[in-house]
Amino acid sequence: MSWFAWFAWLAVLLHIGLFLLSAPLYSGWIKRNKALLQNRRPPSVVQPYRDLRKLFSKDVVLADSATVIFRIAPYIIVGATALAVSIVPLIVVGLPVNAMADAIVLVGLLALGRFFLALAGMDIGTVFGGMGASREMMVGSLAEPAMLMVIFTLAMVASSTNLSTVILHSLDAPLALRPSVLFALIALVMVAIAETGRIPVDNPATHLELTMIHEAMILEYSGRHLAMMELAAQLKLLLYSVLIVNLFFPWGISTTFEVSDLGLAVIALSLKLAIVGALLAAGETALAKMRIFRVPTYLAIAFTVALVGMLSFVILEGS
Amino acid sequence: MTSPDFASLQIWLFFAFGASLLSALASLLGGQRLWVANLVSFPLLGISAVASIMIGILSLTGAAEFATELPIGLPWLSWHLRIDPLGGFFYALIGVVLLAVSLYGPGYIREYHRQGKYSLAVLGFATGLFVAGMQLVVAADDALTFMIAWELMSVSSYVLVAFEHLEAANRRAAFLYLLMAQIGAGLILLAFGVLAAFAPDFSFAALREAQLPGLWSSIAFALALLGFGMKAGLVPMHVWLPEAHPVAPSHISALMSGVMLKVAIYGFIRFTFDLLGELHWEWGVILLIFGSVSALYGVLYALMQHDLKRLLAYHSVENIGIIFIGLGLSVLFFASGFPLLGALGLVAALYHTINHAVFKSLLFLGAGVIVQRGHERNLEHMGGLIRRMPWTGGFFLIGCISISALPPFNGFVSEWLTFQTALQATALESGVLRAVVPITAAILALTGALAAACFVKVYGIAFLGRARTRRVRHAHETNGLMIISQGLLAFLCLLLGVLPTTMIVALNGVSGSLTGSELSMATSRGWLWLTPIAPQVASYSAPLVLLGIFLALSVWGLVYLALRRRRRIQPVIRRDPWDCGFGSLNSRMQYSASAFAMPFKVVFDPLFRIHEESERQMDDRLPTLPARISYLIHTDDISWNIFYRPFYRSITWLSRQVARIQTGHLRHYLAYSFITLLLLLWLVT
């Protein structure tokens, strides 16, 4: 491989590293905003780093009935999520990995993570894990058609499923608001809330058994395994936020490897993510968690919105 | 080139047929002797399998097409045989599954030998004939040979389904299977008949040249769809599948679900793409509708099953639906004048065909191990099997991941290809089609996600957790050959997922010979990249994704090791699981399969006919304390109510109306005779 190819792959590793390092910061920012909105003294923005460090140094306590699936699941989940984040352009488009795996592979990798998370939930043989796994698979299976319809709309607009190509197409297109893209944005936001387990679908801060989905599956984890599960959840949240920001509001993203362009991209992205995080915190404070059997209706609405977006593209021929 | 003998298809075809027929004969002569089955019959089936794989490899790598005429058959129509790339591909499929089954069989039938209730001779004889019938169907080059081979396949598989005939339920299931197989064969015969009406004789070469007017062409297509669909298991003709596949011996279920359904797909592809030739876009839409409905229906019913083999049978219905979605897209694009996209659809459908053959056989073989060692077919009684059967558990997990279409295994590649085909719908002119195709893709996404949910349920309930009954708690791992056979199929799942370009090159040959168009850009970036349409449109590099996963995992391993040395982490502590302080949990307090499927039951309720029986027995001493609670849930297939019951009710009504002429009075019968006589006299003059 030429030196440029080596450099490009090094850039991919740096990209994954940047994602991994920023994920706890983003979660901390959201928690800080939520606390401020709820009139509480906010924790420090870097508190999630401290939590992860603490968890890594703690002992792992396994249940008697834990099998090898329980022990390897955190590694597979973090690995699949890390590979998924490598596909999503963060501050620069055109990394070699974008040609290697497209948006459908992204959905597939996230589904792989969810599969092993549900298996880990069922592994111990308690009711919490089974319940969490069952609900997670229901939410995930109903969210996937909506997610795919969003990807289809974007792929039809850009004539490619390669995420770099989609972003470049958005950058080049005139600043007209296309209805298909607007509908796709609304649908993606709804799907992202469901997939990352935020209010109103799932409460990330609860420890009441009947109200948890994600927490129920990782209930038996401790120590470094729990740290990895938490990190995977934070990564997934950052991944969906970056998807929303970069696919629909890509201004500022760098198309070259120039340091000035990258710096500008970092500042632009931080600003955009800060706004999205604050909006998410405001939404979580204003809304209450739905009953679990309202979630299929919610996801059906997301699917219908995405479908309308796709139809408006098809009928208006590029809207 | 090597000696012309072994590079030609002729010698391998001879080996394939000869070995399977010899295997049947050997079993018949061997009687109840186990050594005959283990040392003669199954190795002969293995030889037949290797020969079939060789036929496939030779045919797909460009060996000359082989056609011959056997001196048997009718005086004016002898048996024609021909192997072209399409036939070669299906031979490879048959060979791969048969190889695994021939390794698995000896260990499995030991159980029947031990019980002594059923005849091993009949089992071996019917298996050999079944395999020979399937091989003959794929090689047939005229309608007569095709039908004879088809019937041989159907009747021998009936014998196999009815093998454990001492139970009435098994006999009923086998009878239903035979009935529907015969109806399907009748429809196929009619389809060939329509074609043959416009051709000089029955050979495929003549049928191919037949020029049919549009209406008859559509009638032939409809008959072929119904006939082959009945054997393949398309909704609503699938009702025999969930009855017949569970009652057959597990290695036969693997053969039926993995291979026989694919032979029906072969028949359909041969009839539509090869013999009919001229495709219409309406046919593509019909195929899409049938495929989507089958896929969704199959997976939803699979979610509600708690019998492991019945669940796997419903998943076969789902995957046949997915194959038909690919075929429908292919027909749609070919008929609209986009041969490259049509080839893409065909390649996606064929890729899914071989994927399903491999992972469904793997799952059925694993289920057979559970049935044989744990003596359980009911998911609600299993649990914790991964500790008792680590190898079977590992390979079954690979099968579950593959069928859920997750990277890096093979199910994902065929689903990726189908999605890429559907995404090209923007090329079509009709706005309705451009909207309908993405909706079909969304249904496909829904079925993929529901399949993943179902297999989380299957694996989590059967292999993880704690054993729910005593027999499962004491189950043992199987013997070496059965593990090797499962490992072979699991390795193939990985191989087909990580090296898709090799398979695509082979399928290009099939598509080229069948329709004349190939995916020329598929390997334009080298063997590591799969770029079916063009590199800038979509690309997937499976080996690099696999490498990436390993990279991510190894980085984490390094981090872990670094932390370990620094923090001097203690060995892992084992404790009881979290029980909220209420005390000891037993294995009955786990989530059950019905509980796992409950959210899906609530969401999709109108599509099922569910019978629930709940019984609560209160304690004598304290009326509010339940002493015993029992819950039974059973899901009925609504196809019976929607399609079959009105059908036979109307036939019964019609017969009753006709029966009115039987009044029982002699004078009325004399009047009938008199009137008939007058009528005949009038006709004669």
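The values are calculated or read from the model by the stated rules, or taken from the named source; none is laboratory data. Predicted model, so just to flag it, every value in this text is computed and none were measured. No Cβ is skipped: glycine too gets one built from the backbone with ideal geometry, and neighbour counts run over all protein chains shown.
Which count do you get for residues in the stretch B:294-330 that are within 16 Å of the chain's Cα centre (by Cα) and closer than 17 Å to B:Phe419 by Cα? First the steps, then the outcome.
Within the stretch B:294-330, the subset within 16 Å of the chain's Cα centre (by Cα) is B:294-299, B:301-302, B:308-327.
Narrowing the set further to residues that are closer than 17 Å to B:Phe419 by Cα leaves B:295-296, B:318-327.
The number of residues fulfilling the criteria is 12.
Scan the stretch A:83-95 for residues that are in a helix (DSSP H, G or I) and under 27 Å from A:Trp251 (Cβ atoms) and jot them down.
A:Ala84, A:Val85, A:Ser86, A:Ile87
Count of the stretch B:638-659 residues, restricted to those that are of a type in the set (A, V, I, L, M) and at pLDDT below 90, is 2. Return a yes/no flag: does the stretch B:377-390 have any residue that is among the basic types (Lys, Arg), away from chain A (no Cβ under 14 Å), outside any helix (DSSP H, G or I) and under 21 Å from the mean Cα position of the chain (by Cα). Yes: the stretch B:377-390 contains one or more residues that are among the basic types (Lys, Arg), away from chain A (no Cβ under 14 Å), outside any helix (DSSP H, G or I) and under 21 Å from the mean Cα position of the chain (by Cα). From the list B:Gly374, B:Gly366, the lone residue that is over 21 Å from the mean Cα position of the chain (by Cα) and more than 11 Å from every other protein chain (Cβ to nearest Cβ) is B:Gly374.
How many residues are within 26 Å of A:Ile186 (Cα to Cα) and assigned to a loop (DSSP other than H, G, I, E, B) if we restrict to the stretch A:253-281? Let's see the steps before the verdict.
The first filter runs over the stretch A:253-281 and keeps only residues within 26 Å of A:Ile186 (Cα to Cα), leaving A:253-254, A:265-281.
Retained after the next criterion (residues that are assigned to a loop (DSSP other than H, G, I, E, B)): A:253.
Of the residues in the stretch A:253-281, 1 are within 26 Å of A:Ile186 (Cα to Cα) and assigned to a loop (DSSP other than H, G, I, E, B).
The number of residues in the stretch B:429-453 being crowded, with 21+ Cβ neighbours inside 10 Å, touching a Phe, Trp or Tyr at 6+ places or on another chain (Cβ under 9 Å) and more than 8 Å from chain A (Cβ to nearest Cβ) comes to 1.
Name the single residue, out of those in the stretch B:155-189 being polar (S, T, N, Q) and without any contact (Cβ under 8 Å) to a residue 60 or more places away in the chain, that is surrounded by the fewest Cβ atoms within 10 Å (Cβ to Cβ). Write out each step before concluding.
Taking the stretch B:155-189 and keeping what is polar (S, T, N, Q), we get B:156-157, B:170, B:182.
Cutting the leftovers down to without any contact (Cβ under 8 Å) to a residue 60 or more places away in the chain gives us B:156, B:182.
Details: B:Ser156: 21, B:Gln182: 15.
Filtering first and then ranking leaves B:Gln182.
Test each condition in (1) part of a loop (DSSP other than H, G, I, E, B); (2) free of Cβ contacts under 8 Å to residues at least 40 places away in the same chain for A:Gly108 and report the one that comes out false. The one condition A:Gly108 does not meet is (1).
Just to be sure before I move on: is B:Val247 under 16 Å from B:Gly298 (Cβ atoms) and more than 13 Å from the chain's Cα centre (by Cα) in the structure I sent?
So B:Val247 does not fit the description; no.
When the stretch B:469-492 is limited to residues that are surrounded by 23 or more Cβ atoms within 10 Å (Cβ to Cβ) and not aliphatic (A, V, I, L, M), the one that is farthest from B:Ser361 (Cα to Cα) turns out to be B:Thr478.
One line per residue, one yes/no per condition, for (1) surrounded by 10 or more Cβ atoms within 10 Å (Cβ to Cβ); (2) within 35 Å of the chain's Cα centre (by Cα); (3) not polar (S, T, N, Q):
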| site | (1), (2), (3) |
| --- | --- |
| B:Trp578 | yes, no, yes |
| B:Phe582 | no, no, yes |
| B:Leu585 | yes, no, yes |
| B:Ala593 | yes, yes, yes |
| B:Met598 | yes, yes, yes |
| B:Lys601 | yes, yes, yes |
| B:Glu613 | no, yes, yes |
| B:Thr624 | no, no, no |
| B:Arg628 | no, no, yes |
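If the condition is being in contact with an Asp or Glu (Cβ under 9 Å, 6 or more places away or on another chain) and buried (at least 24 other Cβ atoms within 10 Å of the Cβ), then the stretch B:326-346 contributes only B:Ala343.
For the stretch A:76-97, the set of residues classified as facing chain B (nearest Cβ under 8 Å) and within 16 Å of A:Thr256 (Cα to Cα) consists of A:Val97 only. Checked against the criterion of being in contact with a His (Cβ under 9 Å, 6 or more places away or on another chain) and closer than 30 Å to A:Phe70 by Cβ, the candidates A:Ile213, A:Ile218 yield just one match: A:Ile218. Out of B:Ile573, B:Ile533, B:Ile549, B:Ile569, one residue alone is at pLDDT below 75 and either exposed (fewer than 13 other Cβ atoms within 10 Å of the Cβ) or closer than 17 Å to A:Leu106 by Cα (or both). It is B:Ile549.
Taken over the stretch B:569-604, the criterion of being away from every other protein chain (no Cβ under 11 Å) and over 25 Å from B:Gly384 (Cβ atoms) is satisfied by no residue. Here the condition is being surrounded by fewer than 23 Cβ atoms within 10 Å (Cβ to Cβ) and in contact (Cβ under 8 Å) with a residue 12 or more places away in the chain; of B:Val293, B:Val299, it holds for B:Val293 alone.
Applying the condition of being at pLDDT 85 or above and under 23 Å from A:Met147 (Cβ atoms) to the stretch A:205-229 and asking which residue is surrounded by the most Cβ atoms within 10 Å (Cβ to Cβ) yields A:Met217. Answer yes or no as to whether A:Met100 is within 12 Å of chain B (Cβ to nearest Cβ), touching a strand residue (DSSP E or B) at 6+ places or on another chain (Cβ under 9 Å) and without any contact (Cβ under 8 Å) to a residue 24 or more places away in the chain. Considered against the rule, which asks whether it is within 12 Å of chain B (Cβ to nearest Cβ), touching a strand residue (DSSP E or B) at 6+ places or on another chain (Cβ under 9 Å) and without any contact (Cβ under 8 Å) to a residue 24 or more places away in the chain, A:Met100 comes out as yes.
Going through A:Leu148, A:Leu154 one at a time, which residue ends up being among the hydrophobic types (A, V, I, L, M, F, W, C), surrounded by 24 or more Cβ atoms within 10 Å (Cβ to Cβ) and more than 7 Å from every other protein chain (Cβ to nearest Cβ)? Full working, then the answer.
Numbers: A:Leu148 fails: more than 7 Å from every other protein chain (Cβ to nearest Cβ).
On inspection, the qualifying residue turns out to be A:Leu154.
Among residues of the stretch A:59-72 being surrounded by 15 or more Cβ atoms within 10 Å (Cβ to Cβ) and not in a helix (DSSP H, G or I), the one that is farthest from the chain's Cα centre (by Cα) is A:Ser65.
Take the conditions (1) at pLDDT 90 or above; (2) surrounded by 14 or more Cβ atoms within 10 Å (Cβ to Cβ); (3) basic (Lys, Arg); (4) over 20 Å from the mean Cα position of the chain (by Cα); A:Lys54 misses just one of them, which is (2).
Report, by residue number, each residue of the stretch A:42-72 that is facing chain B (nearest Cβ under 7 Å) and of a type in the set (Val, Ile, Thr). Of everything in the stretch A:42-72, those that are facing chain B (nearest Cβ under 7 Å) and of a type in the set (Val, Ile, Thr) turn out to be A:Val60, A:Val61, A:Thr67, A:Ile69.
Does A:Thr206 fit the bill of being in contact with an Asp or Glu (Cβ under 8 Å, 6 or more places away or on another chain), at the interface with chain B (Cβ under 8 Å from one of its Cβ atoms) and either in contact (Cβ under 8 Å) with a residue 24 or more places away in the chain or hydroxyl-bearing (Ser, Thr, Tyr) (or both)? No; evaluated as a whole, the condition is false for this residue.
Counting only helices (runs of 4 or more DSSP H) that sit completely within the stretch B:412-521, those holding 3 or more residues that are within 21 Å of the chain's Cα centre (by Cα) and either of a type outside the set (D, E, K, R) or within 27 Å of B:Ile83 (Cα to Cα) (or both) correspond to B:431-462, B:480-498, B:500-515. With respect to being exposed (fewer than 13 other Cβ atoms within 10 Å of the Cβ) and more than 27 Å from A:Gly140 (Cα to Cα), B:Ser650 fits the description. Of the helices (runs of 4 or more DSSP H) lying entirely inside the stretch B:238-317, the ones with 2 or more residues being over 27 Å from B:Gln486 (Cβ atoms) are found at B:261-269, B:281-304.
Quick one: is B:Ala405 within 8 Å of another protein chain (Cβ to nearest Cβ), assigned to a helix (DSSP H, G or I) and not acidic (Asp, Glu)?
Numbers: within 8 Å of another protein chain (Cβ to nearest Cβ): yes; assigned to a helix (DSSP H, G or I): no; not acidic (Asp, Glu): yes.
No; evaluated as a whole, the condition is false for this residue.
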